[in-house]
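Please treat every number below as a calculation from the coordinates, not as lab data. Everything numeric here is computed off the predicted structure, so don't read it as measured data. Don't worry about glycine lacking a Cβ; one is built from the backbone with ideal geometry, like all the others, and counts go over all protein chains shown.
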Ligand code: UDP
């Protein structure tokens, strides 16, 4: 499948039309941003890793019965996906307190929850992606009640599948962000699953005072070893192939 015109350029990806109106090509860049675009940089090789990792995980989730946008990997940085209409919600699942949760609620990073938690943000850069609840999403007509129920159920199912998957790689899945889209009347998992959108901590070595991040926090927090962290998680992911 070939790219025709560019439809969109985001912070980390470009999206191109194809000859098939049902499909687009996503092209992953090495560009990285954080704090709603305030911090900018490049993570060499990130585009390749995020493309391949996201594709592997989408295919893994499909096997678990989760419907995704994935169609076909073209090359290192380019993938054909279903042309969805994105539901303007960022869906965040957390297993352990970190990041904005810790800040907002005054809970030490590394505090494990007895059960996973979910939250929604309204995808709107001008407003800084504000935190909202189900009722706000309905009031704003972002999704129907049925869609929200489906999204919640699917997000928790993704969490169970991914937690187990990463546990086997000696990695704890702390939290992650998902996006969903509508394709031919169906809700499908879209966007990406990568170190840009997940917190991955080295298993067994963390508590509320320390942890080793194998994700974008190394970039956000200037921890160094950003490229190495992406390469390490990708190495573990592909070791069994
Ligand atoms: N996240 C993301 N995009 C966003 C905000 C968050 O992919 O715009 C991911 C982030 O990588 C982490 C999880 O969602 O895995 C929870 O992020 P949090 O709300 O703690 O925000 P942050 O501390 O990153 O600002």
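Expected output is a single nm value to one decimal: the length gained when fully extending between residue 223 and residue 184, i.e. 0.36 nm times separation in residues minus the C-alpha distance. What is it? Could the numbers behind the result be given before it?
Details: separation 39, 0.36 × 39 = 14.04 nm, distance 4.30 nm.
Extra length available between residue 223 and residue 184 comes to 9.7 nm.
For the pair residue 135/residue 236, report the inter-label distance in nm, with labels modelled 7 Å from Cα in the Cβ direction.
Spacing of the two 7 Å Cα→Cβ label points: 4.1 nm.
What does the extension gain come out to for residue 149 and residue 167, with contour length at 0.36 nm per residue minus their alpha carbon separation?
Numbers: separation 18, 0.36 × 18 = 6.48 nm, distance 2.72 nm.
Additional length available on full extension: 3.8 nm.
Going from the alpha-carbon gyration tensor of the stretch 58-142, what semi-axes, largest first and in whole Å, does one get by taking the root of 5 times each eigenvalue? Could you put the intermediate results ahead of the total?
Working: eigenvalues 156, 77, 36 Å².
The equivalent ellipsoid of the stretch 58-142 has semi-axes of 28, 20, 13 Å.
Using alpha-carbon pairs under 8 Å, 6+ residues apart, how would you state the relative contact order of the stretch 8-56 in percent? Please list the in-between numbers first.
On the way: 63 pairs, mean separation 13.5, N = 49.
Dividing the mean separation by the residue count of the stretch 8-56 yields 28 percent.
Taking a cut-off of 21 Å, what percent of all Cα-Cα pairs in the chain are separated by more than that? Before the final figure, lay out each step's value.
Values: 16607 of 28920 pairs.
In whole percent, the long-distance tail amounts to 57.
So the label point goes 7 Å from the Cα of residue 60 along Cα→C-beta, right? Which residues of the stretch 138-164 then have their backbone N under 14 Å from it?
Backbone N within reach: 158-164.
Measure out, as a whole number of angstrom, how far apart the alpha-carbon centroids of the stretch 59-86 and the stretch 137-183 sit.
15 Å
Work out, step by step, the length gained on full extension between residue 75 and residue 40: first 0.36 nm times the residue separation, then minus their alpha carbon distance; give nm to one decimal. Intermediate results must be reported in sequence, preceding the final value.
Values: separation 35, 0.36 × 35 = 12.60 nm, distance 2.58 nm.
Extending this stretch completely gives an extra 10.0 nm.
Fewest Cβ neighbours within 10 Å first, please rank 113, 234, 165, 180 accordingly.
Working: 113 13, 234 21, 165 17, 180 25.
Ordered by Cβ neighbours within 10 Å, fewest first: 113, 165, 234, 180.
If you average 1/r over every pair of different alpha-carbon atoms in the stretch 1-115 and take one over that average, what Kirkwood value in Å do you get? Write out the running numbers ahead of the final one.
Working: mean 1/r = 0.0611 Å⁻¹.
Final number for the Kirkwood radius of the stretch 1-115 is 16.4 Å.
Using Cβ contacts closer than 10 Å as the measure, can you line up 126, 76 from fewest to most? Each step should come with its number before you reach the end.
On the way: 126 6, 76 13.
If I rank by nearby Cβ atoms, fewest first, I get 126, 76.
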